1. Which order do peptides 3-16, 24-37 fall in by mean Cβ count within 10 Å, highest first?
2. Once the other residues with Cβ under 14 Å from the Cβ of Leu102 are scored (Lys, Arg +1; Asp, Glu -1), what is the net sum?
3. Under a GNM of the chain (C-alpha, springs under 10 Å), which listed residue has the highest mean-square fluctuation: Ala62, Ala79, Ala70?
4. Have a look at the DSSP beta bridges in the chain and tell me what percent are antiparallel, nearest 5.
5. Probe of 1.4 angstrom, ligands and nucleic acids ignored: what's the accessible area per residue over the chain, in square angstrom?
6. Report which label in [x] 46, 27, 21; [y] 42, 29, 24; [z] 44, 36, 17 holds the value of Cα extents along the principal axes in Å derived from the coordinates of this structure.
7. Using only helices, what value at 222 nm comes out for the chain when you add -39,500 (n - 2.57) per DSSP H run of length 4 or more and divide by the total residues, to the nearest 500 deg cm²/dmol?
Amino acid sequence: MLFAVASKDGKEVNQHFGHVERFLIYQVEGESVTFLEERPVEKYCRFDPDHPLRAHTLKDTADALHGCRAVVCSMIGEAPRIELDRLGVEPYVVEGEIIPVLKDLAKVL
């Protein structure tokens, strides 16, 4: 099962979905957690009052998450959550060390 992780440092789940410029992709099989790759994305939140939510960016991000069962991040807005749900990718809002978090999530999916 593949997970996309939002992390600033590659150690902790500690980044908001909309601030991510790359997702870390992990494969979880039983108790084994393996880092596979980084997938670059364009930052969804630009803090631009005229264009705060950018649908085309969200679509590109969703395309980059192809094959992932879940996205793990420290926060996520309603529009990205709805889009991920539509695509069958479950968003999880948690914080903590990546490997233990992924092992715990894999047990409930």
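1. So the peptides 3-16, 24-37, ranked by packing, come out 3-16, 24-37.
2. -3
3. Comparing Ala62, Ala79, Ala70 in a Gaussian network model of the chain, the most mobile one is Ala79.
4. 65
5. With all protein chains present, the chain gives 55 Å² per residue.
6. [x]
7. That calculation yields -8500 deg cm²/dmol at 222 nm.
The values are calculated or read from the model by the stated rules, or taken from the named source; none is laboratory data. Everything numeric here is computed off the predicted structure, so don't read it as measured data. Positions of Cβ are backbone-derived with ideal geometry, glycine not excepted, and every protein chain shown enters the neighbour counts. For accessibility, only protein heavy atoms count, side chains too; no ligands or nucleic acids. Shrake-Rupley method; radii C 1.70, N 1.55, O 1.52, S 1.80 Å.
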